[in-house]
Amino acid sequence: MKYELLDRPDFTMARVEFERAGEVLRAESSVMVAMDSTLGMQTGATGGVGSALKRSVFTGDSFFENTYTASRAGETLFIAPAAEGDVEVVELANDETILLSSGAYLACGEEVTLTTKWEGAKGFFAGTGLFLGRAEGPGPIFFGGYGGVHAIEIGKGIADNGYICDTSHVLAFDAALSFDVRKIAGLRASLFSGEGLVCEFRGQGRLFVSTRSPRNIAGLMHGFRR
């Protein structure tokens, strides 16, 4: 399949074009914007009820997924996240894995395996959830975030000693990266700098950050409530 990202970065929508009959894209139940009328669609619990329930409860993904199957080459499907923001696509190689924050997942290719990864208290304090979504290739994985999506290469010169990211801006990262959650500085700095808990990543891989934080915008809007 071919795909392109339109109207970046504020209101991004992905256009997917199927290149052969029988080609498949799986997607969250609410992300379809428009599609060819001849494109087949079936709704089900991918991986069985137990797996779908685990993803729904622990990562915020839908219990049901829609499976779109092309009846011919050239059919198109448009998908977009619920909130305004950006979309990114990563073409996963065989056995390559990426981890997704809660609610980031949009769609994936037929051969991509979706599971969950337990992060325990570390995930809880990171604000990413006790579980992270885990996508293993081969195939494309589509994910989205509030604001723009920016990729940072860690462990390739500029970030050899690790990299720090505010917990609310972490969107996705390569499974090869390890991370710990800590305060950015001492108690005084945490209280008065406006910065709290951060994730410190180490290793070599890509970190995808969202340029805006839903938590921060919620705090900003709260001040205008009457």
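Simple spin-label estimate for THR115 and ILE184 gives 3.5 nm between the two label positions (7 Å along the Cα-to-Cβ direction from each Cα). Each of SER37 and ALA93 was given a label point 7 Å from its Cα along the Cα-to-Cβ line. The distance between the two points is 4.4 nm.
The distance between label points at ILE164 and LEU197 comes to 1.6 nm (points 7 Å beyond Cα on the Cα→Cβ vector).
Fully extending the segment from PHE11 to LYS156, taken as 0.36 nm per residue of separation minus the present Cα-Cα distance, adds 49.1 nm.
None of the figures in this text is laboratory data; all of them are computed from the coordinates on show. All values derive from a computational prediction rather than experimental measurement. When we count neighbours, we look across all protein chains shown, and the Cβ atoms used for this are built from the backbone with ideal geometry, even at glycine.
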